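The values are calculated or read from the model by the stated rules, or taken from the named source; none is laboratory data. Because the structure is a prediction, the values reported are computed rather than measured. Quick reminder, even Gly has a Cβ in these numbers, built from the backbone with ideal geometry, and neighbours come from all protein chains shown.
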Amino acid sequence: MSGPARDDLLSEAIRLREQGHHEQARQRLLAVAAAHPHDAEVAYQTAWVHDVLGLEAEAVPFYEAALGGGLSPRDRRDALLGLGSTYRVLGRYGDAVDTLRRGLGEFPGDGALQTFLSMALFNTDRHHEAMRLLLKLLAATSGDPRVSRYRRAIEHYAEDLNETVRG
């Protein structure tokens, strides 16, 4: 399968996925992936369609292959998020935390990565760290004027949710 044929088939599969024809997209992507086993973009799109279909276990090897190299920064960020979230759904909480931390190492401040990391941290019984991450994200990104008004207090208490006035 040559470059233009690959590009056309990949574009068609993405269009099918975007139009909600997930199984047709999956079949096309599996064929393209078989012909281009080392193509990061094809692997990423194949992982994505498996996730959309609820086939998380089947998505994992495609995400892992995609992260081997060759993705645009945006797709790399989304693949790290997708793999971390998929690990979490599969109950592989430690892998989820590791992957999402790796994502934040590469893309510091990404709110989606922080949110999914907080869920994985919750699943690993690191509740304080999960809450701290979410509270800081809420304080930094909320458009709610009442939340914004208390931003400094929220950020302060996020560091120690057990803080009380000692008298």
Report summary line: Those residues of segment 101-124 which are assigned to a helix (DSSP H, G or I) and under 20 Å from residue 68 (Cα atoms) amount to 101, 102, 103, 104, 105, 106, 113
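Is it the case that residue 25 is crowded, with 20+ Cβ neighbours inside 10 Å, within 17 Å of residue 63 (Cα to Cα) and of a type outside the set (Phe, Trp, Tyr)? Even if it seems obvious, please write down each step before you answer.
Values: crowded, with 20+ Cβ neighbours inside 10 Å: yes; within 17 Å of residue 63 (Cα to Cα): yes; of a type outside the set (Phe, Trp, Tyr): yes.
Yes: the conditions hold for residue 25.
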Report task. Please name all residue pairs, on different chains or six or more residues apart, with Cβ atoms under 9 Å, provided the first residue is in segment 2-31 and is within 12 Å of residue 50 (Cα to Cα) and of a type outside the set (A, V, I, L, M, F, W, C) and the second residue is modelled with pLDDT of 95 or more and not in a helix (DSSP H, G or I). Result -> 22/53; 23/53; 26/53; 26/55
**Report entry** Selection count where residues are assigned to a helix (DSSP H, G or I) and among the acidic types (Asp, Glu), scope segment 125-167
**Finding:** 3
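Give me the residue from segment 89-108 that is within 12 Å of residue 60 (Cβ to Cβ) and under 11 Å from the mean Cα position of the chain (by Cα) and, out of that set, surrounded by the most Cβ atoms within 10 Å (Cβ to Cβ).
Our first condition is that a residue be within 12 Å of residue 60 (Cβ to Cβ); within segment 89-108, this holds for 89-90, 92, 95-96, 99.
If we keep only those that are under 11 Å from the mean Cα position of the chain (by Cα) as well, we get 96, 99.
Numbers: 96: 25, 99: 27.
For segment 89-108, the residue satisfying everything is 99.
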Requested in this report: Within segment 49-100, track down each residue that is of a type in the set (A, V, I, L, M), in a helix (DSSP H, G or I) and touching a Phe, Trp or Tyr at 6+ places or on another chain (Cβ under 7 Å).
Outcome: 66, 79, 81, 83, 96, 100
Requested in this report: Within segment 50-64, identify whether any single residue is more than 22 Å from residue 123 (Cβ to Cβ), buried (at least 21 other Cβ atoms within 10 Å of the Cβ) and not hydroxyl-bearing (Ser, Thr, Tyr), and answer yes or no.
Outcome: yes
